[in-house]
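Undergrad: Handing you a structure now.
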Amino acid sequence: MATTQIAVIVLLGLLVATHIHITEAQLGVCYGMMGNNLPSHSEVIQLYKSRNIGRLRLYDPNHGALNALRRSSIEVILGLPNVDVKHIASGMEHARWWVQKNVKDFWPDVKIKYIAVGNEISPVTGTSYLTSFQVPALVNIYKAIGEAGLGNNIKVSTSVDMTLIGNSYPPSQGSFRNDVRWFTDPIVGFLRDTRAPLLVNIYPYFSYSGNPGQISLPYALFTAPNVVVQDGSRQYRNLFDAMLDSVYAAMERTGGGSVGIVVSESGWPSAGAFGATTDNAATYLRNLIQHVKEGSPRKPGPIETYIFAMFDENNKNPELEKHFGLFSPNKQPKYNLNFGVSERVWDISAETNSTTSSLISEM
């Protein structure tokens, strides 16, 4: 066999190994678009392929991105943005139209796994005016997905943040705020009845930066040398696990013990505020990538997790929100991340031409 053929076979083997490792880790990256200098949709999806990132979160049904995702095998969380929630809640005809235009027209070429109906809608934030429409919108999209024949393929959920949690310490005593139970209990019930996971945005960075006197940086960065929180028989060495398990406990208290969690956002800014440095961000991201393979003390096993975000986005505010990207807008990586495989394999896959990357993504 010619030397060139052998080299190609070895390269393909290494790339397939990379793909397998990332699939096992259940990692994705959020594709935000709030920048005026970002690459084209096709370039972005090619970057996902070349880095063997097998999952992606979209915040709205951008047809340019969805078309670029066709036949890519990348699994997608498809967002129904907050601005559309009230409209979708107002009638099934609107939900059917949305599903037809943004889901059925792309299925099965685009592997939509979840629909996130709204992002961080909460009675205690500036989105409180949407709270009464949240569950009706969930129900209508769920029914429309079922009518489209996709009920066994696509789960319908919503993405929440930690402002809904009233008590998170110790994690086993996690509970929703009493003044939001009217909002959270029906959501948890819906997810339990439809066997869908709750999507949760978990940011140890914000907990640490808001309270550095009580939360240590190593605890937030997965680098604490010893147990920090002893919670009965469970031991916590990092804040991510403690936050995650507090949400599990909160759901169990409201009849949602069977509901799983997908971490729909987690990341660390590299600039723009206290604790936001390139070194801290790199440490957090490297450790997060490794840690989510293992699970939490309460729920061992891989944690499906989406890193925020693919790019620095210069149209976001405040300043730190501009600096969450894994990549600069010119597609250069900000960090030396390997998604759990050797640096050598990562480097090879990064340098592979688009033809080979496309081939691997179809396997």
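Undergrad: Let me spell out the model: positive unit charges on the Cβ of Lys and Arg, negative unit charges on the Cβ of Asp and Glu, origin at the Cα centre of segment 102-190. What dipole size does that give, in debye rounded to 20?
TA: Dipole about the Cα centre, nearest 20: 160 debye.
Undergrad: Next question, about the same structure. With the chain treated as a Gaussian network of Cα nodes joined by springs under 10 Å, which of Y205, Y59, Y169 yields the largest mean-square fluctuation?
TA: Its mean-square fluctuation being the largest, the pick is Y169.
Undergrad: Moving on to the next point. Pick out, from Y284, M92, N317, the residue whose Cα sits farthest towards the positive end of the charge dipole of the chain, with +1 on the Cβ of Lys and Arg and -1 on the Cβ of Asp and Glu.
TA: It is M92, whose Cα lies furthest towards the positive end.
Undergrad: Taking 7 Å along the Cα-to-C-beta vector as the label spot, tell me the Q100-E147 distance in nanometres, rounded to one decimal.
TA: In this crude label model, Q100 to E147 measures out at 0.9 nm.
Undergrad: Further question: Treating cross-link reach as a plain straight distance, find the aspartates and glutamates whose alpha-carbon is under 16 Å from the alpha-carbon of K322, omitting any fewer than eight places away in the same chain.
TA: Cα-Cα hits under 16 Å: E265, D312, E313.
Undergrad: Sequence neighbours fewer than 8 away in the same chain don't count; with that in mind, list the lysines whose C-alpha is under 25 Å from K299.
TA: K113, K155
Undergrad: Could you tell me which of S128, S258, V247 has its Cα farthest along the dipole of the chain towards the positive end, charges placed at Cβ (Lys, Arg +1; Asp, Glu -1), taken about the Cα centre?
TA: It is S258.
Undergrad: Could you point to the label whose value was computed as Rg and Dmax of the Cα atoms in Å for the structure here, given (i) 23.9, 102; (ii) 20.4, 70; (iii) 23.1, 88?
TA: Calculated Rg and Dmax of the Cα atoms in Å: the matching label is (ii).
Undergrad: So if R0 is 22 Å, what FRET efficiency would D193 and K299 give, r being the distance between their Cβ atoms, rounded to the nearest 0.05?
TA: 0.60
Undergrad: Measuring with a 1.4 Å probe in the full set of protein chains, what accessible area per residue, in whole Å², belongs to segment 247-327?
TA: Value returned for segment 247-327: 33 Å² of accessible area per residue.
Undergrad: Let me check the size of segment 172-251 from its C-alpha atoms; what are the radius of gyration and Dmax in Å?
TA: Both quantities, over Cα of segment 172-251: 14.5, 42 Å.
Undergrad: In addition: Calculate how many DSSP beta bridges within the chain are antiparallel, expressed in % of all such bridges and rounded to the nearest 5.
TA: 20 percent
Undergrad: What does the helix-only formula give at 222 nm for the chain: each DSSP H stretch with n ≥ 4 adding -39500 (n - 2.57), the total divided by the residues, and the result rounded to the nearest 500 deg cm²/dmol? Working shown, then result.
TA: Values: 13 runs with 144 residues, N = 363.
Result for the chain, helices only: -12000 deg cm²/dmol.
Undergrad: So if I place +1 on the C-beta of Lys and Arg and -1 on the C-beta of Asp and Glu, and nothing else carries charge, what would the dipole magnitude of segment 179-289 be about its Cα centre? I want it in debye, nearest 20.
TA: With Lys and Arg at +1 and Asp and Glu at -1, about 140 debye.
Undergrad: Shifting gears a bit: Stretch N226-D109 to full length: gain in nm at 0.36 nm per residue minus the Cα-Cα span?
TA: Gain on extension, N226 to D109, equals 37.4 nm.
Undergrad: Okay, moving on. Can you tell me the length gained on complete extension of the stretch N287 to S216, counting 0.36 nm per residue apart and subtracting the Cα distance?
TA: That pair, N287 and S216, stretches by 24.0 nm at full extension.
Undergrad: For the chain, set up a GNM with springs between Cα atoms under 10 Å and report which of G54, G118, G295 has the largest fluctuation.
TA: Most flexible of the set in this elastic network: G295.
Undergrad: If you don't mind, another one. Return the distance in nm (one decimal) between the two label points of a simple spin-label model at V83 and V124, each offset 7 Å from Cα along Cα→Cβ.
TA: Taking the two extended label points, one gets 2.8 nm.
Undergrad: Hey, another quick one. Quick one: of K104/K331; K49/K334; K86/K316, which pairs are farther than 22 Å apart, Cα to Cα?
TA: K104/K331; K86/K316
Undergrad: Here is a further query. Got a number for carbon plus sulfur as a percent of the chain's accessible area, 1.4 Å probe?
TA: Heavy-atom surface of the chain belonging to carbon and sulfur, 1.4 Å probe: 51 percent.
Undergrad: Still on this model: Report the relative contact order of the chain, percent, no decimals, based on alpha-carbon pairs under 8 angstrom and at least 6 residues apart.
TA: Result for the chain is 21 percent.
The values are calculated or read from the model by the stated rules, or taken from the named source; none is laboratory data. Note that the structure is a prediction, hence the values are computed from the model and not measured. Note: ideal-geometry Cβ built from the backbone for every residue, glycine included; neighbour counts use all protein chains shown. Heads up: the accessible areas ignore ligands, DNA and RNA and are worked out on the full protein's heavy atoms, side chains in. Shrake-Rupley method; radii C 1.70, N 1.55, O 1.52, S 1.80 Å.
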